[in-house]
Amino acid sequence: MAHSNWAEWIYLGVVTALLIYVGAEAWNIERIIDHAPEDAEIIKVTAQQWFWSFEHEDGTKEVGELHLKKDHAYKFEIQSKDVVHNFNIPEYVVLLDAIPGRINTVWFSPNEAGEFDIQCREYCGLIHYNMRAKLFVEDI
Amino acid sequence: MSKIFHLSIIMMTLFIIPTVSLAFAAETAGEYIDRKAEIWNLFFRMMTVAFVVGGVIAGTMVWQVWRFRESNPNSKPTEYEEKGEF
């Protein structure tokens, strides 16, 4: 039976366009987010049962708390000494696994001064629930 | 005419939306991006697309059920039904 199928082509075109849009947009945002600025200060983050320790570029070490400056870029080099942990700053949507024997990197720039939570987001043993640290963003 | 028109609509939709979107998402030099805003905005855009696709599919199904119901005055029996084979 002969019939018109223009509606099917429109339908197919719209669905394909939406899929391309979803793929392109997600890829582009991921690319932008992954691209760390060259002037980002490197902070070495070490996870271990059940606390976080941080080392700044100048060698300053902090345990259980991290002091950063507002509107500066920071690149975290995250590693674990024992099991898999996950470095998470919920307020700044920073979330990355800490894997033993591997360094994972993520960067961000705090744009608000204040006190924020850092937590482990991957179950890592008995005291996982309390594997927390404090992020202090200072307006300098 | 009709074919060219429809083809051009499809091609424009296929290429213009992604291109415009990529252009607007470009980085501004000298500023750090707001990671939180980028990620949440992406999430909201993806949700919009997901709901549009869901709406179109659900709408198509509702229309098909309505249009091809037996009691629709426009419905015609299939050739098998006409011959009593079904």
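The values are calculated or read from the model by the stated rules, or taken from the named source; none is laboratory data. On a predicted model such as this, the values are computed, not experimentally measured, just so you know. Here the Cβ positions follow ideal geometry from the backbone for every residue, glycine too, while neighbour counts run over all protein chains shown.
Under the condition of being touching a residue at least 40 places away in the same chain (Cβ under 8 Å) and more than 16 Å from residue A:89 (Cα to Cα), which residue from segment A:100-125 is farthest from the other protein chains (Cβ to nearest Cβ)?
The residue in question is A:125.
Yes or no: residue A:122 in contact with a strand residue (DSSP E or B) (Cβ under 6 Å, 6 or more places away or on another chain), of a type in the set (Asp, Glu) and part of a loop (DSSP other than H, G, I, E, B)?
yes
Six or more apart or on different chains, Cβ under 9 Å: which pairs go from a residue in segment A:1-24 that's facing chain B (nearest Cβ under 9 Å) to one that's crowded, with 16+ Cβ neighbours inside 10 Å and at pLDDT 90 or above? Could you list them?
Matching pairs, first to second residue: A:21/B:45; A:22/B:45.
Which residues, taken from segment A:105-123, are within 11 Å of the chain's Cα centre (by Cα) and surrounded by fewer than 16 Cβ atoms within 10 Å (Cβ to Cβ)?
A:105, the sole residue that qualifies.
Please go through segment A:62-99 and give me each residue that is of a type outside the set (A, V, I, L, M, F, W, C) and free of Cβ contacts under 8 Å to residues at least 24 places away in the same chain, ordered by number.
The answer is A:62, and nothing else.
Taking the residues in segment B:44-68 that are over 18 Å from the mean Cα position of the chain (by Cα) and either surrounded by 10 or more Cβ atoms within 10 Å (Cβ to Cβ) or under 30 Å from residue A:95 (Cβ atoms) (or both) as candidates, determine which candidate is modelled with the lowest pLDDT.
B:68
Which one is farthest from residue B:54 (Cα to Cα) among residues in segment A:1-33 that are surrounded by 13 or more Cβ atoms within 10 Å (Cβ to Cβ) and of a type in the set (D, E, K, R)?
By that ranking, first place goes to A:30.
How many residues are over 16 Å from residue A:76 (Cα atoms) and either in contact (Cβ under 8 Å) with a residue 60 or more places away in the chain or touching a strand residue (DSSP E or B) at 6+ places or on another chain (Cβ under 7 Å) (or both) when one looks only at segment A:127-140?
Final tally of qualifying residues: 8.
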